[in-house]
């Protein structure tokens, strides 16, 4: 018994030493940041508002008191820094350099949101070998110490990089619009996701809707197909209104929740953020006088 107790103490001390060393060199230590939420935002096709959602939702969560880190993982089409209105000095792949650490690639954007810029070079990004993957894993591990919520802006579509990020995340937001092509591509993402995992942690965000009823109609249309062919039902986090304020903000390279915080789209983002934090259904957002006119004149 004495020998067993001594061996147990040795194992405990050895484990403690390993964890201490891991913290020093940045290796993944599961005891750090275990309550950090990881949310991947993806889409079936480009141009449906994925990065806009990632940026503005990050700002909304930051303004709600969360420490947010936004990682631009859109390989080859990185533009988080543009929507943040800031210049990124380094990118995600700079972490492959031996003398570059996590703090060196983290930038500060709108409302104090910290972000890691994505990669512009597709060829370089696609050729990351196993040793380099381990280096990224080690250096990125400490992100959980710096944030309550980590949002990952993935690429659009179904390439290997996108699927890996989506499968690794604890929560997934799939953004789409009511257009038939966007819905078809969203279904393709759900089908691919269902092929690799039985988890049901993917939720829809319907963008560019005219009214709340249109959101429910889109969700119903998607679920009619997923139930029939995949035996899967997808939940919906909420919606974002079609709004000129979004286009104006993109042109000015500023998050629309800051440029026009009272716009319908911005109020939707704030409600989406609260829904994520509370776990409750998104509250209805009124479009006010503009919405009345749009309905009245058929827009």
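In segment 78-102, the residues that are at positive phi form Cβ pairs under 9 Å with partners that are outside any loop (DSSP other than H, G, I, E, B) and surrounded by 15 or more Cβ atoms within 10 Å (Cβ to Cβ), at six or more places apart or across chains, as follows: 85/110.
Taking (1) in a helix (DSSP H, G or I); (2) modelled with pLDDT of 95 or more; (3) farther than 28 Å from residue 170 by Cβ in turn, residue 254 satisfies each apart from (1). Of the residues in segment 171-188, none is within 23 Å of residue 282 (Cα to Cα), touching a helix residue (DSSP H, G or I) at 6+ places or on another chain (Cβ under 9 Å) and at pLDDT below 95. Of all residues in segment 137-151, those satisfying the criterion of being more than 20 Å from residue 100 (Cβ to Cβ) and in contact with a helix residue (DSSP H, G or I) (Cβ under 6 Å, 6 or more places away or on another chain) are 149, 151. If I filter segment 119-136 for residues that are more than 24 Å from residue 232 (Cα to Cα), at pLDDT 95 or above and not in a helix (DSSP H, G or I), do I get at least one hit? For segment 119-136, residues more than 24 Å from residue 232 (Cα to Cα), at pLDDT 95 or above and not in a helix (DSSP H, G or I): absent.
Just for segment 247-270: of the residues that are out of contact with any helix residue (DSSP H, G or I) (no Cβ under 6 Å at 6 or more places or on another chain) and surrounded by fewer than 20 Cβ atoms within 10 Å (Cβ to Cβ), which one is farthest from residue 64 (Cα to Cα)? Spell out how you get there, then give the answer.
The first filter runs over segment 247-270 and keeps only residues out of contact with any helix residue (DSSP H, G or I) (no Cβ under 6 Å at 6 or more places or on another chain), leaving 247-248, 250-252, 254, 261-262, 264, 267-268.
Remaining after also requiring surrounded by fewer than 20 Cβ atoms within 10 Å (Cβ to Cβ): 247-248, 250-252, 254, 261-262.
On the way: 247: 24, 248: 24, 250: 23, 251: 26, 252: 24, 254: 19, 261: 14, 262: 16 Å.
Across segment 247-270, the extreme among qualifying residues is 251.
Within segment 51-61, can one find any residue that is at pLDDT 85 or above, surrounded by fewer than 21 Cβ atoms within 10 Å (Cβ to Cβ) and either more than 22 Å from residue 241 (Cβ to Cβ) or touching a helix residue (DSSP H, G or I) at 6+ places or on another chain (Cβ under 8 Å) (or both)? Break it down stepwise before answering.
Keep residues of segment 51-61 that are at pLDDT 85 or above, which gives 51-61.
Restricting the remaining residues to those that are surrounded by fewer than 21 Cβ atoms within 10 Å (Cβ to Cβ) gives none.
Looking for residues that are at pLDDT 85 or above, surrounded by fewer than 21 Cβ atoms within 10 Å (Cβ to Cβ) and either more than 22 Å from residue 241 (Cβ to Cβ) or touching a helix residue (DSSP H, G or I) at 6+ places or on another chain (Cβ under 8 Å) (or both), one finds none in segment 51-61, hence no.
Please verify whether segment 173-194 includes one or more residues that are over 21 Å from residue 117 (Cβ atoms) and assigned to a strand (DSSP E or B). Scanning segment 173-194 turns up at least one residue that is over 21 Å from residue 117 (Cβ atoms) and assigned to a strand (DSSP E or B).
Out of all the residues in segment 213-220, is one or more modelled with pLDDT under 95, at negative phi, within 22 Å of the chain's Cα centre (by Cα) and assigned to a helix (DSSP H, G or I)? No - not one qualifying residue is present in segment 213-220.
For segment 271-283: of the residues being in a loop (DSSP other than H, G, I, E, B) and either without any contact (Cβ under 8 Å) to a residue 40 or more places away in the chain or surrounded by fewer than 14 Cβ atoms within 10 Å (Cβ to Cβ) (or both), which is nearest to the chain's Cα centre (by Cα)? The qualifying residue nearest to the chain's Cα centre (by Cα) is 279.
So is residue 168 exposed (fewer than 14 other Cβ atoms within 10 Å of the Cβ) and under 20 Å from residue 96 (Cβ atoms) or not? I'd like the intermediate steps shown before the answer.
Details: exposed (fewer than 14 other Cβ atoms within 10 Å of the Cβ): yes; under 20 Å from residue 96 (Cβ atoms): yes.
Yes, satisfied.
Within segment 223-246, restricting attention to residues that are in a helix (DSSP H, G or I) and surrounded by fewer than 16 Cβ atoms within 10 Å (Cβ to Cβ), the residue that is nearest to the chain's Cα centre (by Cα) is 244. Residues that are more than 17 Å from residue 145 (Cα to Cα) and in a loop (DSSP other than H, G, I, E, B) within segment 42-70 comprise 44, 45, 46, 47, 48, 49, 64, listed in sequence order. Restricting the search to segment 172-202, which residues are under 17 Å from the mean Cα position of the chain (by Cα) and surrounded by fewer than 18 Cβ atoms within 10 Å (Cβ to Cβ)? Across segment 172-202, the qualifying residues are 200, 201.
The values are calculated or read from the model by the stated rules, or taken from the named source; none is laboratory data. None of these values were measured; they are calculated from a predicted model. Every residue, glycine among them, receives a Cβ derived from its backbone with ideal geometry; neighbour counts consider all protein chains shown.
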